[in-house]
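Here the structure is laid out as structure tokens; the discussion comes afterwards.
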Amino acid sequence: VLVEVGGLLNGRFSPASCALAGGMAACGTTIGVGAGSVAELVVRDAGSKAEFFGYFNVGQAGVVTAATGGTDFGTAGGITTTSIHIANGGMLRTDRATVGYGPSGPAATGTERSFSTIAISGPGSVWGIAGGTLDTQTSSLSTAVHANATVNLNVSGGGRIDLSPVANTSHFINLSNGAGKTDMLVTGSGSAVNLNAGILQVGRGLNGTARLDVTAGGVINDAFYFVTGRGGSNGRTVVDGTGSRITVNRSGVPGSADAAFTGSFEIGRDGGIGQVDITNGGRVEVLSGLAATERARAATLGTSAASQGTLNISGADSRFVMNVVSAVAVGGPTEAFNPYFAVGQRGVGYLNLSAGTKVLLNGGAVST
């Protein structure tokens, strides 16, 4: 499917047709369904849009036959190959998305696989994940939810992923939310993942593998919570080059289960193994705002039992920075807490600094 020169692929024109009892949505879109299929969606040029309601599923590997009660569909043992490219100012808008499935359907052999690639490239090219249009579900992106799934996600040349908050819910990006493999690259000045107080987990599912590279001036903005290697997964994050940055500076969404918590950066949690490398002038910033509710900022390496977290920082201009500003000028019970940094909290932590780098813990709270 090609959408270009200001064209519109409108999957959002009739919301009433999607309503179900209980407030759930019946509508959705799948790109790449049957095992062995090849599917491609391209949205390019300024003004070109593809917009969809409900679930947005990419890279399924289903197999059904007449003998199993359906119509012949998919190829047993087949590989689904799916690609989405948003380029040159094009826009994709979805409520939520899952990319990279494994075998499904009554005739699947278990050997079916999926390979999914999503690229957002060029200034003004945006994948907006909004959530909550037809129901109360949050905005989310989950990748590689099965061991037979491989996902590549690239944001480059000024492209963006914009994740929007939904009232009373926590919104998130989970890379390898199952046992599959995900590689994500955010590279180049202007290239960004804007979390808007959301969560980014690099490795979330048991036995999953995920890697995030933020390079050449790419940024991850406005996280509430960022973790590498959680839930029995293996995760790695690299922040490389001047201008490349990850910023954790928001609190949980009001009304959500995370509303009482403030921002944190974790490496290795819940049996996961995580590694973060900050090199050649890259930065990770864990910052507080001025709101009295933003009372603490925390960073941990090896947060929980059976977890391992490693933070490697190298280069004179590379930085890991934690900063808390005072919320109450004279201090007192509602004053902010100063930064908390733990190397091996309940698990195992390694902190390696080299070539003139710095970890900076700036506490601005007034002690009483």
When both residues are 6+ apart or on different chains and their Cβ atoms are under 8 Å apart, which pairs have a first residue that lies in segment 155-181 and is acidic (D, E), and a second that is not in a loop (DSSP other than H, G, I, E, B)? D162/V126; D162/W127; D162/G128; D162/I129; D162/N194; D162/N196
List, please: which pairs have Cβ atoms under 8 Å, are six or more places apart or on different chains, and start with a residue in segment 225-254 that is hydrophobic (A, V, I, L, M, F, W, C) and end with one that is open to solvent by 10 Å² or more (accessible area, probe 1.4 Å) and not in a strand (DSSP E or B)? V253/P165; V253/V166; V253/A167; V253/N168; V253/T169; V253/S170; V253/A259
How many of the residues in segment 189-215 are buried (at least 20 other Cβ atoms within 10 Å of the Cβ) and either of a type outside the set (S, T, Y) or modelled with pLDDT under 95 (or both)? 17
I want to confirm something. Restricting to segment 274-307 and keeping residues that are under 30 Å from A327 (Cα atoms), surrounded by fewer than 18 Cβ atoms within 10 Å (Cβ to Cβ) and of a type in the set (A, V, I, L, M, F, W, C), which single residue is modelled with the lowest pLDDT? A292
Among the residues of segment 313-334, which ones are within 24 Å of G243 (Cα to Cα) and either open to solvent by 30 Å² or more (accessible area, probe 1.4 Å) or part of a strand (DSSP E or B) (or both)? I313, S314, A316, D317, R319, F320, V321, M322, N323, V324, V325
Taking the stated definitions as given, is P103 surrounded by fewer than 21 Cβ atoms within 10 Å (Cβ to Cβ) and either out of contact with any strand residue (DSSP E or B) (no Cβ under 8 Å at 6 or more places or on another chain) or farther than 26 Å from P165 by Cα (or both)? no
Does any residue of segment 127-134 turn out to be more than 23 Å from L8 (Cα to Cα), open to solvent by less than 30 Å² (accessible area, probe 1.4 Å) and among the β-branched types (V, I, T)? no
Give the residues of segment 263-273 that are open to solvent by 30 Å² or more (accessible area, probe 1.4 Å) and either among the charged types (D, E, K, R) or without any contact (Cβ under 8 Å) to a residue 40 or more places away in the chain (or both), sorted by residue number. R269, D270
Of these, F337, F341, which one is of a type in the set (F, W, Y) and either in a strand (DSSP E or B) or touching a His at 6+ places or on another chain (Cβ under 7 Å) (or both)? F341
Which ones in segment 162-183 are within 17 Å of Y225 (Cβ to Cβ), open to solvent by less than 40 Å² (accessible area, probe 1.4 Å) and not in a loop (DSSP other than H, G, I, E, B)? L163, I173, N174, L175
Out of (1) at pLDDT below 95; (2) within 23 Å of the chain's Cα centre (by Cα); (3) not in a loop (DSSP other than H, G, I, E, B), the one T310 does not meet is (1)
Take the conditions over 27 Å from S37 (Cα atoms), under 13 Å from the mean Cα position of the chain (by Cα) and open to solvent by less than 10 Å² (accessible area, probe 1.4 Å) and apply them to V155. Does it pass? no
Filter pass, N148 being in contact with a Pro (Cβ under 7 Å, 6 or more places away or on another chain), more than 26 Å from P15 (Cβ to Cβ) and open to solvent by less than 30 Å² (accessible area, probe 1.4 Å): yes
Within segment 25-77, the count of residues that are buried (at least 20 other Cβ atoms within 10 Å of the Cβ), among the small types (G, A, S), more than 21 Å from the chain's Cα centre (by Cα) and outside any strand (DSSP E or B) comes to 5
S256 being under 19 Å from V325 (Cα atoms) and open to solvent by 10 Å² or more (accessible area, probe 1.4 Å): no
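The values are calculated or read from the model by the stated rules, or taken from the named source; none is laboratory data. In this text, all values refer to a predicted model and were calculated from it rather than measured experimentally. Glycine also receives a Cβ, built like all others from the backbone with ideal geometry; neighbour counts cover every protein chain displayed. Keep in mind that these areas ignore ligands, DNA and RNA; they rest on the heavy atoms of the full protein, side chains included. Shrake-Rupley method; radii C 1.70, N 1.55, O 1.52, S 1.80 Å.
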